[in-house]
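Peer 1: Below: one structure in structure tokens.
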Amino acid sequence: MNKFPIRCFTCGKIIGHLYREYEYRVNKGEDRGKIMDDLGLNRYCCRRHFLAFEGVEDRSILINEYVTEEVK
Ligand SMILES: [Zn+2]
């Protein structure tokens, strides 16, 4: 199993310390998009790491997040 990256490869934001909270809240059934918003993960490049690491196969989550960001 891969180790979660300390930094976002794309923008360099430090994200490694956020994964534990993310995982905890996902297990409680919270919405992934909302969790990432709360953690300050506004960029698509950073959010992608969380979804990919968790093994989320649903591409529609990624697409929806991307569209949402473009609209802002
Ligand atoms: Zn990033």
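Peer 1: Within the bounds of region 11-21, is there any residue that is away from the ligand (no atom under 16 Å from the Cβ) and without any contact (Cβ under 8 Å) to a residue 40 or more places away in the chain?
Peer 2: yes
Peer 1: Within region 1-10, can you find the residues that are out of contact with any strand residue (DSSP E or B) (no Cβ under 7 Å at 6 or more places or on another chain) and more than 8 Å from the ligand (Cβ to nearest atom)? Break it down stepwise before answering.
Peer 2: Of all residues in region 1-10, those out of contact with any strand residue (DSSP E or B) (no Cβ under 7 Å at 6 or more places or on another chain) come to 1-5, 8-10.
The answer is 1, 2, 3, 4, 5.
Peer 1: Looking for whichever is among the charged types (D, E, K, R), more than 11 Å from the chain's Cα centre (by Cα) and over 18 Å from residue 56 (Cβ atoms) here; the options are 7, 25, 20. Which one fits? Please lay out each step first, then the result.
Peer 2: Working: 25 fails: over 18 Å from residue 56 (Cβ atoms); 20 fails: over 18 Å from residue 56 (Cβ atoms).
The match here is 7.
Peer 1: Right, another one. What is the residue count in region 6-38 for residues that are loosely packed, with under 15 Cβ neighbours inside 10 Å, touching a Lys or Arg at 6+ places or on another chain (Cβ under 7 Å) and assigned to a loop (DSSP other than H, G, I, E, B)?
Peer 2: Residues flagged as loosely packed, with under 15 Cβ neighbours inside 10 Å, touching a Lys or Arg at 6+ places or on another chain (Cβ under 7 Å) and assigned to a loop (DSSP other than H, G, I, E, B) within region 6-38 amount to 1.
Peer 1: Now, a different point. So is residue 41 at pLDDT 95 or above, within 11 Å of the ligand (Cβ to nearest atom) and surrounded by 12 or more Cβ atoms within 10 Å (Cβ to Cβ) or not?
Peer 2: yes
The values are calculated or read from the model by the stated rules, or taken from the named source; none is laboratory data. Just so you know, these numbers come straight off a predicted model, no measurement behind them. Ideal geometry is used to build each Cβ from the backbone, glycine not excepted, and the neighbour counts take in all protein chains shown.
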